[in-house]
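Written out below as structure tokens is the structure these notes cover.
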Amino acid sequence: MTEMLYQRDVYGNTLVELGKQNKDLVVLDADLSSSTRTRLFAKEFPERFFNFGVAEQNMMATSVGLASCGKIVFVSSFAIFATGRAWEQIRNGVAYNNFNIKIVASHAGITVGPDGSSHQALEDISLMRVIPNMNIIVPCDGPQTRQAVLAAAETPGPFYIRLGRVKYATIENKGEFKIGKAQVLVEGNDLAIIACGMMVSEAQSAVKILLAQGVKARLINMHTIKPLDRDCVLEAARETKGIVVCEEHTVIGGLASSIDEVVSEHFPTKVMRIGVRDRFGQSGEPQDLLKEYNLTSKDIEKAALAIIA
Amino acid sequence: MQYTAAQIKELELKAKQVRRLIIEMLGKACSGHPGGSLSATDLISVLFFSVMRHNPQDPGWPQRDRFHMSKGHCCPLWYAVLAQTGYFPKDKLWTLRQLGSILQGHPDRRAPGVEVASGSLGQGLSVALGMSLAAKIDKKDYRVYCLMGDGEIQEGNIWEAAMAASHYKCDNLCGILDYNGFQIDGKTREIMNLEPLKDKWEAFGWHAINIDGHNMQQILAAYEEAKEIKGRPSIIIARTIKGKGVSFMENVVDFHGCAPNKEETERALRELE
């Protein structure tokens with residue numbers, strides 16, 4: 001039986017764990033603490049939790065002042081509001097000062113589901129990636145969420161950690177977690193599949209289907225989008241016939257673009273992109289939306305076969 | 001607390017020196033913002049020379065009062081008081097806006113004494129709020145001062161911060177509003193009216209103090225009054241004159257973001273002798 005976890009549950013519990021160890025840890029939220037689970041921290045450490053109401057810009061800029069006084073600040077909201085509404089506060093405040101601020105946003109991607117387009121962040125990775133000093137982690141499951149949060153807490157500088165709304169299947173045997181070091185989950189030299197977030201699980205299914213057809217795909221969990229593990233990408237480019245990139249995000253500016261940039265400069269190879277193709281999201285059940293936007297294991301399989309054809 | 005005539009005169013002299021540095025700096029840099037730097041000079045000179053607890057030899061001293069200039073374009077004023085109080089040598093002022101300078105066109109942490117970068121309007125009150133909340137968490141008694149421009153408070157972020165600062169009863173926070181009545185495009189009352197200003201801040205739960213921002217006695221009294229207010233933040237709404245101290249710059253909107261040329265610089269410095 002595969003373990004299924006909400007990344008945000010893991011996040012809330014990890015914050016409590018960190019809060020006990022470090023009295024300089026402060027957590028901010030903007031009226032979504034029950035959804036992002038920062039409420040768990042708020043209950044344990046009310047004097048180090050601040051709710052800003054529905055005011056993300058103020059929350060983000062306030063984190064800057066707190067960090068200037070030596071606090072490690074975790075700032076949470078939904079991904080679209082954290083990275084979109086407060087983008088300029090992040091650019092000019094969080095990142096320019098290179099402060100110890102960790103933006104951990106939930107409800108990223110199309111699988112937000114019925115709430116529809118306004119709440120489905122499909123651009124957040126792009127928005128954060130263009131900002132200097134920013135580190136970006138997209139954990140693939142519950143346990144990796146804990147590792148990412150712990151690593152971000154002990155690494156100076158700004159971070160963006162992207163979490164989903166729905167339960168994620170735990171991926172077994174990922175190996176050690178290290179910021180900026182991709183995890184090769186399955187070896188193979190026919191092609192490479194590079195995925196992040198919940199798409200790692202979809203990609204895993206695709207790899208199994210491909211293997212049944214005799215196709216050996218290398219599966220890479222690119223949990224850190226920035227700094228990108230360029231060596232791992234270039235190895236994949238050199239040693240396989242091409243790369244399929246999978247992200248629950250627009251294909252513009254996110255993981256796929258990161259990979260494109262590296263290979264086009266150093267080792268041009270075919271790159272197929274599984275992601276949202278310049279469209280807004282819409283209401284629907286997560287599984288139906290994944291189908292509608294061609295983000296399923298079936299779509300990954302098709303792209304993989306196109307590469308080796 | 002009453003200040004003697006000699007003390008007031010001393011402060012006025014220091015403010016005049018700061019104004020001279022601003023003009024010289026901008027004249028050499030050939031770009032920058034004189035108008036709002038000069039209008040807030042008395043407010044910020046008083047703050048640095050006689051109100052704030054700080055140690056220029058130890059900018060990171062944990063007990064220091066914090067200052068943040070939310071209207072970052074007026075950094076020539078900030079740089080001038082920092083140099084004048086000894087945070088860095090005065091000759092650094094002549095590198096303003098040059099490639100590689102610690103004195104960027106809008107302030108950042110390269111300059112000793114600048115805690116947080118600014119320049120994008122509307123965010124500084126939140127930054128100050130964060131510093132104020134940090135003091136509360138750490139049970140420290142330092143105060144936090146934040147200079148805002150009047151045009152700047154048209155930004156919604158300011159009012160989000162205003163709401164939060166009174167919600168969290170930040171009585172260690174003191175806002176300073178440089179109400180010179182001008183913004184880049186013209187008079188604030190024509191571009192986007194701010195009035196009734198005192199009522200607005202009071203409605204947001206702040207203790208608001210109206211003063212003449214060029215009257216040293218009133219400025220000193222306002223800082224004292226703000227210190228005494230408990231349970232809510234205070235704001236000093238200071239009526240000022242844009243370009244104050246240089247006759248041909250006063251209330252001339254063109255000097256919001258234009259540095260004086262060589263001839264204007266010389267004329268201005270003569271007026272400030």
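Since every read-out is calculated from the coordinates, none of them should be taken as a lab result. Worth saying up front: this structure is predicted, and the values here are computed from it rather than measured. With ideal geometry, Cβ positions are generated from the backbone for all residues, glycine too; neighbour counts draw on all protein chains shown.
Other chains' Cβ within 10 Å of A:93-99 residues: what's the mean? Could the numbers behind the result be given before it?
Values: counts 9, 0, 0, 7, 7, 2, 3.
Per residue, the number of nearby Cβ atoms from other chains is 4 on average.
Taking neighbour counts of Cβ atoms within 10 Å as a proxy for exposure, in what order, fewest first, do A:Tyr11, B:Tyr179 appear?
Numbers: A:Tyr11 27, B:Tyr179 23.
Starting with the residue having the fewest Cβ neighbours, the order is B:Tyr179, A:Tyr11.
Phi-derived couplings, Karplus 6.51 cos²θ - 1.76 cosθ + 1.60 at θ = phi - 60°, listed residue by residue for the stretch A:292-304: 4, 9, 6, 10, 9, 4, 4, 5, 5, 4, 4, 5, 5 Hz, with x used for Gly and Pro. Restricting attention to the stretch A:4-169, close to 10% of DSSP beta bridges with both partner residues there are antiparallel. Antiparallel DSSP bridges in chain A: what percent, to the nearest 5? Restricted to chain A, the bridges split so that about 20 percent are antiparallel.
What is the gain in length, in nm to one decimal, between B:Arg270 and B:Lys198 on full extension, counting 0.36 nm per residue of separation less the C-alpha to C-alpha distance?
Numbers: separation 72, 0.36 × 72 = 25.92 nm, distance 3.71 nm.
Full extension from B:Arg270 to B:Lys198 adds 22.2 nm.
Rounded to the nearest 20, the Cβ-based charge dipole of the stretch B:182-266 about its Cα centre (Lys and Arg +1, Asp and Glu -1) stands at 340 debye. Of B:Trp159, B:Trp201, B:Trp78, the sequence from fewest to most neighbouring Cβ atoms within 10 angstrom is B:Trp159, B:Trp201, B:Trp78. Both the radius of gyration and Dmax for the stretch A:4-169 are 14.0, 41 Å, in that order, over alpha-carbon atoms. For the stretch B:46-116 versus the stretch A:149-195, the inter-centroid distance based on Cα atoms is 42 Å.
For A:Glu172 and A:Lys270, compute 0.36 nm times the residue count separating them, minus their Cα-Cα distance, and round to one decimal in nm. Write down the numbers at each step before the final one.
Working: separation 98, 0.36 × 98 = 35.28 nm, distance 2.90 nm.
So the extension gain works out to 32.4 nm.
Counting only other chain Cβ atoms within 10 Å of each residue's Cβ, the peptide B:118-128 averages 6.
A cut-off of 5 Å between modelled amide H atoms, ignoring neighbours fewer than 5 places along the same chain, links A:Val75 with A:Leu28, A:Lys102, A:Ile103, A:Val104. Along the stretch B:220-232 the Karplus relation, 6.51 cos²θ - 1.76 cosθ + 1.60 evaluated at θ = phi - 60°, assigns HN-Hα couplings of 4, 5, 5, 4, 4, 4, 4, 4, 7, 6, 10, x, 7 Hz to successive residues, with x for each Gly and Pro. The phi-based Karplus calculation (6.51 cos²θ - 1.76 cosθ + 1.60; θ = phi - 60°) puts the 3J(HN,Hα) values of the stretch B:159-174 at 7, 4, 5, 4, 4, 5, 5, 7, 4, 8, 6, 7, 7, 8, 10, 10 Hz, whole numbers, x for Gly and Pro.
Here's how it looks for B:Arg66: its modeled amide H is under 5 Å from those of B:Arg143, B:Val144, B:Tyr145, which are all 5 or more places away or on a different chain.
Averaged across B:164-174, how many Cβ atoms of other chains sit within 10 Å of each residue's Cβ atom?
Mean shielding by partner chains, rounded to a whole number: 2.
For the listed residue pairs B:Lys9/B:Lys187; B:Lys71/B:Lys136; B:Lys90/B:Lys242; A:Lys71/B:Lys92; B:Lys200/B:Lys227; A:Lys216/A:Lys241, the alpha carbons are over 23 angstrom apart in B:Lys9/B:Lys187; B:Lys71/B:Lys136; B:Lys90/B:Lys242; A:Lys71/B:Lys92.
Using only DSSP helix segments of four residues or longer, with each worth -39500 (n - 2.57), what per-residue ellipticity at 222 nm results for chain A after dividing by its residue count and rounding to 500? Kindly include the intermediate steps, with their values, before the conclusion.
On the way: 11 runs with 112 residues, N = 309.
Computed mean residue ellipticity for chain A: -10500 deg cm²/dmol.
So if I place +1 on the C-beta of Lys and Arg and -1 on the C-beta of Asp and Glu, and nothing else carries charge, what would the dipole magnitude of chain A be about its Cα centre? I want it in debye, nearest 20.
220
Indicate, rounded to the nearest 5 percent, the antiparallel portion of the DSSP beta bridges found entirely in the protein assembly as shown. Working shown, then result.
Values: 11 of 69 bridges.
So the antiparallel bridges in the protein assembly as shown amount to around 15 percent.
All C-alpha pair distances within the stretch A:203-309, sorted into 10 Å bins from zero, spread as 14, 46, 33, 7, 0 percent across the bins. Computed from the C-beta positions of A:Gln282 and A:Ser34 and an R0 of 22 Å, the FRET efficiency is 0.30 to the nearest 0.05.
Give the longest segment of chain A that steers clear of GluC sites (Glu not before Pro) in DSSP loops with at most 13 neighbouring Cβ atoms within 10 Å, not counting the sites themselves. Walk me through the numbers on the way to the answer.
Working: sites that count: A:Glu3, A:Glu172, A:Glu176, A:Glu187.
For GluC sites (Glu not before Pro) (loop position, at most 13 other Cβ atoms within 10 Å), the longest site-free span of chain A is A:4-171.
Our Cα-only numbers for the protein assembly as shown put the radius of gyration and Dmax at 27.0, 93 Å.
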